[in-house]
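This report refers to the structure that appears directly beneath it.
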Amino acid sequence: MRPEEAKRDHYRKMAKRAGYVSRAAFKIKEIDKKYGIFKTGQRILDLGASPGGWSQMASKAVGPEGEIYAIDKRPLKIESENVRFVQMDILKDKITMSGFDVVMADLAPNVSGVWEHDQYVQIQLAQRALEIAESSLRRGGNFVCKLFDGEGVNDIVNRARREFSFVKLTKPKASRKESSELYLVCKNYLREKI
Ligand SMILES: C[S@@+](CC[C@H](N)C(=O)[O-])C[C@H]1O[C@@H](n2cnc3c(N)ncnc32)[C@H](O)[C@@H]1O
């Protein structure tokens, strides 16, 4: 087995053992450990949540007093007392909820195989996620967002720098080395909600 295949297999087994529906859960776990994203009792908005690994992870981190609003075009594969699912397309439907402590977005299109197209669509999703974060985070809130590296990333990072006091691009170990995904970690939203 090639080292990257072995690594994927390792995270898949770990996810199964820990009861997570996706190995993606380990990416947000690593980000939380390094940057301190979650706290007990928080309200979290999870964009592109299906099958539900990030929501599972956040659900544990915020505990029973916290709540997760999970949004996706596709149904979730998990059920949890503090996770509420809303099926919607974030590019077409309006999110009216606000007052979130954390907005997290692991959005990705169905991969077409044409890299330029997939990267372009993913950046549109990430831009929309940042807009949603801007309209639904409380002051001091955090934002974590997947980005396919390439055109458009700098614009998103620069816009985030105007809105948050801490902005960092990171690649968790649980992310495949050959994949071009990065995660934007933003802390302390600076604007007061009107
Ligand atoms: C990589 S998966 C997310 C995995 C998830 N974080 C987990 O841990 O299980 C990306 C998700 O983005 C969703 N997605 C893509 N475009 C979307 C859109 N326009 N509106 C809502 N969800 C979308 C897909 O349906 C897919 O479930």
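The values are calculated or read from the model by the stated rules, or taken from the named source; none is laboratory data. Owing to the predicted nature of the structure, the values given are computational and were not obtained by experimental measurement. Every residue, glycine as well, gets a Cβ built from its backbone with ideal geometry; the counts of neighbours run over all protein chains shown. The accessibility values were calculated without ligands, DNA or RNA, using every heavy atom of the protein model including side chains. Shrake-Rupley method; radii C 1.70, N 1.55, O 1.52, S 1.80 Å.
Give the residue that is most open to solvent (accessible area, probe 1.4 Å), with candidates limited to residues of the range 139-154 that are over 15 Å from the mean Cα position of the chain (by Cα) and in contact (Cβ under 8 Å) with a residue 12 or more places away in the chain. That would be Glu151.
Taking the condition closer than 24 Å to Lys173 by Cα, within 13 Å of the ligand (Cβ to nearest atom) and more than 15 Å from the chain's Cα centre (by Cα), does Ala15 pass?
Yes; evaluated as a whole, the condition is true for this residue.
Taking (1) modelled with pLDDT of 95 or more; (2) more than 9 Å from the ligand (Cβ to nearest atom) in turn, Gln87 satisfies each apart from (2). Taking the condition of being more than 15 Å from the chain's Cα centre (by Cα) and among the small types (Gly, Ala, Ser), how many residues in the range 18-38 meet it? Residues in the range 18-38 being more than 15 Å from the chain's Cα centre (by Cα) and among the small types (Gly, Ala, Ser): 2 in total.
The set of residues in the range 1-19 being touching a Lys or Arg at 6+ places or on another chain (Cβ under 9 Å) and outside any helix (DSSP H, G or I) is empty.
Quick one: which residue in Ile37, Ile28, Ile78 is open to solvent by less than 20 Å² (accessible area, probe 1.4 Å) and either more than 10 Å from the ligand (Cβ to nearest atom) or farther than 22 Å from Ser179 by Cα (or both)? Before the answer, list the steps.
Details: Ile28 fails: either more than 10 Å from the ligand (Cβ to nearest atom) or farther than 22 Å from Ser179 by Cα (or both); Ile78 fails: open to solvent by less than 20 Å² (accessible area, probe 1.4 Å).
Among Ile37, Ile28, Ile78, only Ile37 is open to solvent by less than 20 Å² (accessible area, probe 1.4 Å) and either more than 10 Å from the ligand (Cβ to nearest atom) or farther than 22 Å from Ser179 by Cα (or both).
Inside the range 61-77, residues that are under 15 Å from the mean Cα position of the chain (by Cα) and of a type in the set (Asp, Glu) make up a count of 1. The residues of the range 40-68 that are free of Cβ contacts under 8 Å to residues at least 60 places away in the same chain, among the small types (Gly, Ala, Ser), open to solvent by 10 Å² or more (accessible area, probe 1.4 Å) and within 12 Å of the ligand (Cβ to nearest atom), listed by number, are Ser50, Ser59. Tell me, yes or no, whether the range 15-24 has at least one residue that is open to solvent by 30 Å² or more (accessible area, probe 1.4 Å) and either of a type in the set (A, V, I, L, M) or touching a strand residue (DSSP E or B) at 6+ places or on another chain (Cβ under 6 Å) (or both). Yes; the residues of the range 15-24 include at least one that is open to solvent by 30 Å² or more (accessible area, probe 1.4 Å) and either of a type in the set (A, V, I, L, M) or touching a strand residue (DSSP E or B) at 6+ places or on another chain (Cβ under 6 Å) (or both). Taking residues in the range 109-135 that are assigned to a loop (DSSP other than H, G, I, E, B) and open to solvent by less than 30 Å² (accessible area, probe 1.4 Å), and partners anywhere that are more than 12 Å from the ligand (Cβ to nearest atom) and not acidic (Asp, Glu), the pairs with Cβ atoms closer than 9 Å and at least 6 places apart or on different chains are Pro109/His117.
If you go through the range 53-87 one residue at a time, how many are among the hydrophobic types (A, V, I, L, M, F, W, C) and assigned to a helix (DSSP H, G or I)? Quick ask: steps written out before the conclusion?
From the range 53-87, those among the hydrophobic types (A, V, I, L, M, F, W, C) are 54, 57-58, 61-62, 68, 70-71, 76, 78, 83, 85-86; that's our starting set.
Keeping just the survivors that are assigned to a helix (DSSP H, G or I) gives 54, 57-58, 61-62.
Of the residues in that region, 5 qualify.
Cβ-Cβ contacts under 7 Å between residues 6 or more apart (or on different chains), taken from a first residue in the range 76-105 that is under 23 Å from Pro64 (Cα atoms) to a second residue that is at pLDDT below 95 and within 12 Å of the ligand (Cβ to nearest atom), are listed as Lys77/Val21; Ile78/Val21.
Condition check ((1) in contact with a helix residue (DSSP H, G or I) (Cβ under 8 Å, 6 or more places away or on another chain); (2) within 12 Å of the ligand (Cβ to nearest atom); (3) under 21 Å from Pro51 (Cβ atoms)) across all residues:
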| residue | (1), (2), (3) |
| --- | --- |
| Tyr120 | no, no, no |
| Leu125 | no, yes, yes |
| Arg138 | no, no, no |
| Gly152 | yes, no, no |
| Ile156 | yes, no, no |
| Arg159 | yes, no, no |
| Ser165 | no, no, no |
